[in-house]
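*Asks:* The structure that follows is given in the form of structure tokens.
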Amino acid sequence: MKKKKMIYEGKAKQIFSTDQDDQVIVHFKDDATAFDGQKKGQIAEKGKINNKISNFFFKLLEEKGIKTHLIEELNERDSLVKKVDIIPLEVVMRNVAAGSLAKRIGMEEGEPLQQPVIEFYYKDDDLGDPLINVSHIELLGLAGREELERLIALGHKINDILVKFLKERNVDLVDFKLEFGKTAEGEIILADEITPDTCRFWDSETKEKLDKDRFRRDLGNVEEAYHEMYKRITGQDWK
Ligand code: TMP
Ligand code: ASP
């Protein structure tokens, strides 16, 4: 399958049309941004690593009965996926207090949550992706009640699968972000990516951060963290 035209460019990925109306190609870039694009940089080979990691997780989830947009990996940076209408919500699942949750409700970063917490952020750059609740989602017509229940159930199921998988690899899944899309047939499937850009991964023993927080917070060893997560997830050295 060949790329035709770039139809969308985001901060870390580009989307291209193909010969098939219902399929698009995702291209993973090395660009990294944080804080609504105020901080910009590059992480060497991130695009290649994230393409692999995201596809690995999507295949794992497919095996467990979660439908995803993934069709096939085309090359180091490109994957063929089903074209969907993205539901403009970032679904964040949390197992440990960190980042904006720790700040918002005054918890210490690293404090485990008694049960997973789910949050919705409205994907709207002009508004700065605000946290919104179920009433807001219904008010804005972003998802109907049944669809919302589906998103919540999928969020928890994906969290359970990933927490278990990563725990066995000595990684705490602190929190992560999901995006879902609707196919032409109206089915809700997992889209976007699951990578160190969109998750907080902490070493279970040392609590060392192995994700994009190393870039956001200028902690150094950014590339090394992505390599380490590639190794923990796939069992293979990064090159
Ligand atoms: P937060 O603590 O900053 O709200 O982030 C929660 C999780 O969501 C964290 O794993 C990083 C991920 N995330 C994204 O993937 N994209 C974003 O734009 C933001 C703000 C967070
Ligand atoms: N990627 C997002 C941005 O550029 C936020 C983040 O991941 O921290 O704003």
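The values are calculated or read from the model by the stated rules, or taken from the named source; none is laboratory data. As the structure is a computational prediction, the values presented were derived from the model and not from experiment. With ideal geometry, Cβ positions are generated from the backbone for all residues, glycine too; neighbour counts draw on all protein chains shown. These area figures cover heavy atoms from the full protein model, side chains too; ligands, DNA and RNA do not enter into them. Shrake-Rupley method; radii C 1.70, N 1.55, O 1.52, S 1.80 Å.
*Asks:* Using the heavy atoms of the protein chains alone and a 1.4 angstrom probe, what is the accessible area of segment 1-55 per residue in square angstrom?
*Replies:* About 53 Å² of surface per residue is accessible.
*Asks:* Find, among the GluC sites (Glu not before Pro) in segment 49-123, those assigned to loop by DSSP (not H, G, I, E, B) with at most 14 other beta-carbon atoms within 10 angstrom.
*Replies:* Answer by residue number: GLU76, GLU108, GLU109.
*Asks:* Also, quick follow-up: Using a simple charge model, +1 on the beta-carbon of Lys and Arg, -1 on the beta-carbon of Asp and Glu, nothing else, what dipole does segment 94-239 show about its Cα centre, in debye to the nearest 20?
*Replies:* With Lys and Arg at +1 and Asp and Glu at -1, about 320 debye.
*Asks:* A further question follows. Could you work out the relative contact order of segment 82-222, using alpha carbon pairs under 8 angstrom and six or more residues apart, expressed as a whole percent?
*Replies:* For segment 82-222, the relative contact order is 24 percent.
*Asks:* Same structure, new question: Strictly over 27 Å apart at the Cα level, which of LYS39/LYS59; LYS5/LYS64; LYS5/LYS29; LYS5/LYS212; LYS39/LYS67; LYS39/LYS182 would you flag in this model?
*Replies:* LYS39/LYS59; LYS5/LYS64; LYS5/LYS212; LYS39/LYS67; LYS39/LYS182
*Asks:* Using a probe of 1.4 angstrom, how much of the accessible area of segment 118-160 is carbon and sulfur, in percent? If you can, show how the numbers build up before the last one.
*Replies:* Values: 1250 of 2520 Å².
Using a 1.4 Å probe with all protein chains present, segment 118-160 comes out at 50 percent carbon and sulfur.
*Asks:* Ok, one more. Does segment 130-239 come out rounded, prolate or oblate, given a ≥ b ≥ c as the square roots of the eigenvalues of its C-alpha gyration tensor, rounded meaning a/c under 1.5 and, failing that, prolate meaning a/b above b/c?
*Replies:* It is prolate, given that a/c is not under 1.5 and a/b is the larger ratio.
*Asks:* With a 1.4 Å probe and every protein chain left in place, work out the accessible area per residue of segment 75-214 in Å², rounded to a whole number.
*Replies:* Numbers: 6660 Å² over 140 residues.
With the other protein chains kept in place, segment 75-214 gives 48 Å² per residue.
*Asks:* Which whole-Hz couplings ³J(HN,Hα) result when phi for each residue of segment 133-140 is put into the Karplus expression 6.51 cos²θ - 1.76 cosθ + 1.60, θ = phi - 60°, listed in order with x for Gly and Pro?
*Replies:* Those phi angles translate into 10, 4, 4, 4, 5, 5, 4, 7 Hz.
*Asks:* Report the accessible area of HIS27, computed with a 1.4 Å probe over the heavy atoms of all protein chains in place, in Å² rounded to the nearest 10.
*Replies:* 40
*Asks:* Here are some pairs, LYS48/LYS209; LYS82/LYS123; LYS48/LYS167; LYS13/LYS48; which of them have Cα atoms lying more than 22 Å apart in this structure?
*Replies:* Those over the limit are LYS48/LYS167.
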